[in-house]
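Here the structure comes first, spelled out in structure tokens, and everything after it is commentary.
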Amino acid sequence: MEAPPPYPQMPPMPRSNTKMIWGIVIGVVCLCCLGVGGLLVWGFSKITKAVPLFACGYKIQDLRSAVIHYANAHGGKLPNAATWQTDIQPDIQEILKTIGENKRPFGTIKAGEDFGCTMDGKSTGIAFNSDLSGKLKTDIKDPENTVLLFEVPAASANAHAPYKPEASTAPEVIGLNRGWITAPLEGKVTVAFGNGKVTFDGDTFHSDNGSTRN
């Protein structure tokens with residue numbers, strides 16, 4: 001019986017082709033790495049530009065805490081609108097002690113400054129609702145829907161006015177439209193952002209897509 005013919009063998013791949021294939025593989029890996037790295041840099045850049053929005057939200061929230069602290073120390077009576085910033089300076093110090101130096105990742109209020117925010121190089125202010133000037137907290141029937149503090153286009157000492165929705169456009173954040181930040185007497189500090197909204201609740205902010213950050 002004749003022996004079966006040997007299995008055909010593949011000819012050796014030319015060395016030049018092997019180098020080319022390895023070059024393609026390495027190139028694809030490098031492109032993938034660069035793509036991921038680019039996305040990370042892009043994402044970090046966007047987050048960095050959004051930080052002032054969160055800082056402003058926390059600042060208004062902490063200012064509200066100082067106003068409430070003042071009222072609690074004065075028989076439940078809110079400060080006079082014309083001097084509210086001056087009046088709550090000791091209460092700001094107490095709130096800052098409570099928060100602690102490292103509690104706010106984005107920063108917070110500082111005693112003695114004109115209350116305001118800066119986003120995309122544009123400064124805004126924080127005003128007191130003069131309709132609540134000197135009122136007792138217990139006299140306010142709907143505290144969760146009654147604005148106490150609100151963002152305004154320019155900062156000034158003891159800024160105050162009757163609250164009404166701001167007609168002008170707030171400074172954009174990361175290229176997205178946003179609303180003006182408001183803080184009711186009780187409840188969450190809120191700002192419209194893009195097609196949704198962001199709320200500040202204690203030490204956490206929430207977006208209405210369910211994401212949170214402590």
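The values are calculated or read from the model by the stated rules, or taken from the named source; none is laboratory data. This structure is a prediction, so every number in the text was calculated from the model and none was measured. Positions of Cβ are generated from backbone atoms using ideal geometry, with glycine treated the same way; all protein chains shown enter the neighbour counts. Surface areas here come from the heavy atoms of the whole protein model, side chains and all, with no ligands, DNA or RNA. Shrake-Rupley method; radii C 1.70, N 1.55, O 1.52, S 1.80 Å.
Listed here are the residues, each with its yes/no results for (1) out of contact with any Lys or Arg (no Cβ under 9 Å at 6 or more places or on another chain); (2) open to solvent by 50 Å² or more (accessible area, probe 1.4 Å); (3) on the phi > 0 side of the Ramachandran plot.
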{"position": "Ile140", "(1), (2), (3)": "yes, no, no"}
{"position": "Asn158", "(1), (2), (3)": "yes, no, yes"}
{"position": "Pro171", "(1), (2), (3)": "no, no, no"}
{"position": "Trp180", "(1), (2), (3)": "yes, no, no"}
- Task: Looking only at the stretch 117-124, decide whether some residue is open to solvent by 20 Å² or more (accessible area, probe 1.4 Å), modelled with pLDDT under 90, closer than 20 Å to His69 by Cα and not charged (D, E, K, R).
- Result: no
- When Thr190 is run through (1) assigned to a helix (DSSP H, G or I); (2) at pLDDT below 90, the failure sits at (1)
- Out of (1) open to solvent by less than 40 Å² (accessible area, probe 1.4 Å); (2) hydroxyl-bearing (Ser, Thr, Tyr); (3) at pLDDT 80 or above, the odd one out for Tyr163 is which? (1)
